[in-house]
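Working notes, structure below.
The values are calculated or read from the model by the stated rules, or taken from the named source; none is laboratory data. Since we're looking at a predicted model, the values are computed, not measured. Cβ atoms come from the backbone with ideal geometry, glycine included; neighbour counts cover every protein chain shown.
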Amino acid sequence: MEVKTELREIPQPNKMDTRYFGELLAEVYRKNCDIHSCISDHVSKIPGQKHLLDPSSDYKVEKEEVEALLPKGATELTKQQIRYLLQTRLTADRSMRLLLSTFSSLREDLLHMSEDLRRLESEKESLERDLSFKADQAKQYDSLLEAVRENNRQLQVSLRETSSAQRSLESQLMGARSDESTRDFRLQEMEGRMSALESENEMLRHKLAGQGSSSSASLQLKTEELSRHYNDQLSSMREEKDREIQRLRSQITRMEITTTTTERSSSDSSLQLKISELLATLQQRQTTITRMEEVSGRMLPQTKRQTFVTSRSERFVLLLGCFFFRERTNFVCVLNLQTFARTHKRTHSHTKTHTHTPSWLGRRFILYLTSQVQLHSERFGFFVLRPSDS
């Protein structure tokens with residue numbers, strides 16, 4: 001038997017091309033350098049100096065380290081490949097250190113920024129509280145300012161009203177003072193006339209007592225003189241009455257005009273009340289004057305009538321009295337006339353009459369007091385004229 005031995009050729013593995021391997025290493029190195037340069041560019045844009053490194057010193061140190069690590073006796077191609085690998089490693093280390101330093105500085109900056117943010121938030125809260133407090137104070141100040149303005153307006157209105165009321169009161173006070181002075185003057189005049197009248201009454205009383213046997217002719221002359229005097233007094237009293245009525249009417253007209261021009265809130269009622277009071281006073285005075293005119297008219301025919309007085313006329317005694325008293329806070333003038341006369345019967349050849357002849361002094365006294373009614377009605381309020389109870 002023949003043994004055959006065959007030698008088979010074992011296929012040897014394909015050898016890697018060293019040139020291609022070197023190119024790959026160079027490509028990896030370039031990519032690594034590009035990454036490092038990109039990282040450096042982006043890191044340089046970040047503010048701060050902690051992450052910046054010195055590239056010149058790192059490059060020199062790396063070059064020396066790479067040259068020291070190259071094996072001796074190796075080919076130049078092998079050295080170049082080993083150089084690429086070592087430079088790639090150093091570039092990666094440099095990139096990693098750059099990133100670590102950058103991240104540490106960013107972490108520190110982030111901590112500082114977080115602290116600043118917390119401080120700013122606290123300041124913001126305090127500012128918000130201050131702002132809310134200031135806003136509340138501004139609202140309160142606005143409300144107080146509005147209240148002060150409203151109070152100022154009310155005070156100005158009340159001041160104007162008070163000023164107008166003060167002016168009206170001053171005018172009323174001046175009018176009252178003038179009226180008071182006029183009344184005082186009239187009162188003094190009346191007192192003087194009353195004293196003169198009393199003296200004249202006393203003198204005439206004495207004359208009447210001593211001249212009982214005077215002739216009828218002189219008495220007739222005196223009677224005519226007294227009639228003329230009474231007529232003059234009556235005409236003067238009428239003229240004074242007309243003047244007084246005209247004055248009151250003009251005063252009422254002025255008050256009505258003043259009422260229409262002044263304020264119509266509170267003054268209208270008071271002025272209308274004054275006008276009504278003045279009208280009532282005017283009506284009362286007219287009534288009093290009319291009554292006095294009637295009394296004077298009734299007494300004038302008796303003075304004009306022819307009378308005959310005998311020697312026994314001294315028996316006619318006139319007791320006249322005039323006194324004043326206060327009744328319900330009003331001055332009342334009471335005329336108490338007491339006439340005691342005895343009638344004298346005389347039969348004439350052509351007529352037969354029984355004549356009751358009052359004294360001419362009594363009629364004169366009555367007419368004088370009648371003329372004083374108009375002058376002093378404002379002083380005494382009202383007059384009461386009544387005969388004697390006896």
Margin query: Checking the conditions here, which among ARG153, ARG186, ARG160, ARG177 is more than 33 Å from the chain's Cα centre (by Cα) and assigned to a helix (DSSP H, G or I)?
Written below: ARG186
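What residue, of LEU145, LEU106, LEU110, is modelled with pLDDT under 95 and either under 22 Å from the mean Cα position of the chain (by Cα) or aromatic (Phe, Trp, Tyr) (or both)?
When all the criteria are applied, what remains is LEU145.
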Check: Of the numbered conditions (1) surrounded by 12 or more Cβ atoms within 10 Å (Cβ to Cβ); (2) under 29 Å from ALA26 (Cα atoms), LEU106 satisfies every one except a single condition; which is it?
Finding: (2)
Check: Hey, VAL157 hits all of (1) within 25 Å of GLU240 (Cβ to Cβ); (2) at pLDDT 85 or above; (3) among the hydrophobic types (A, V, I, L, M, F, W, C) but one; which does it fall short on?
Finding: (1)
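Residue-wise test of (1) among the acidic types (Asp, Glu); (2) under 30 Å from GLU23 (Cα atoms); (3) part of a helix (DSSP H, G or I).
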{"residue": "TYR84", "(1), (2), (3)": "no, yes, yes"}
{"residue": "SER95", "(1), (2), (3)": "no, yes, yes"}
{"residue": "LEU100", "(1), (2), (3)": "no, no, yes"}
{"residue": "PHE103", "(1), (2), (3)": "no, no, yes"}
{"residue": "GLU108", "(1), (2), (3)": "yes, no, yes"}
{"residue": "ASP116", "(1), (2), (3)": "yes, no, yes"}
{"residue": "GLU121", "(1), (2), (3)": "yes, no, yes"}
{"residue": "LEU127", "(1), (2), (3)": "no, no, yes"}
{"residue": "ASP136", "(1), (2), (3)": "yes, no, yes"}
Check: Is there any pair linking a residue in segment 18-41 that is closer than 12 Å to TYR84 by Cα to one that is of a type in the set (Gly, Ala, Ser) and loosely packed, with under 13 Cβ neighbours inside 10 Å, with Cβ under 6 Å and at least six apart or on different chains, and which?
Finding: none
Check: What number goes with the only condition from (1) among the hydrophobic types (A, V, I, L, M, F, W, C); (2) free of Cβ contacts under 8 Å to residues at least 40 places away in the same chain; (3) more than 30 Å from GLN251 (Cα to Cα) that LEU204 does not pass?
Finding: (2)
Notebook entry, point to check: How many of the residues making up segment 25-42 are surrounded by 12 or more Cβ atoms within 10 Å (Cβ to Cβ) and either among the hydrophobic types (A, V, I, L, M, F, W, C) or touching a helix residue (DSSP H, G or I) at 6+ places or on another chain (Cβ under 8 Å) (or both)?
Noted result: 10
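From the list ARG160, ARG177, ARG193, ARG149, pick out the single residue that is basic (Lys, Arg) and in contact (Cβ under 8 Å) with a residue 12 or more places away in the chain. It would help to see each step written out before you state the result.
Working: ARG160 fails: in contact (Cβ under 8 Å) with a residue 12 or more places away in the chain; ARG177 fails: in contact (Cβ under 8 Å) with a residue 12 or more places away in the chain; ARG149 fails: in contact (Cβ under 8 Å) with a residue 12 or more places away in the chain.
Exactly one of ARG160, ARG177, ARG193, ARG149 is basic (Lys, Arg) and in contact (Cβ under 8 Å) with a residue 12 or more places away in the chain, namely ARG193.
Among LEU221, LEU234, which is the only one that is modelled with pLDDT under 80, exposed (fewer than 12 other Cβ atoms within 10 Å of the Cβ) and more than 30 Å from GLU161 (Cα to Cα)? Full working, then the answer.
On the way: LEU234 fails: exposed (fewer than 12 other Cβ atoms within 10 Å of the Cβ).
The match here is LEU221.
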Checklist line | Filter result for ARG243 (charged (D, E, K, R), at pLDDT 80 or above and within 18 Å of THR287 (Cα to Cα)) | finding: yes
Next item on the list: Those residues that are modelled with pLDDT of 55 or more and in contact with an Asp or Glu (Cβ under 8 Å, 6 or more places away or on another chain), I need them from segment 6-62; list them, please.
Entry: GLY48
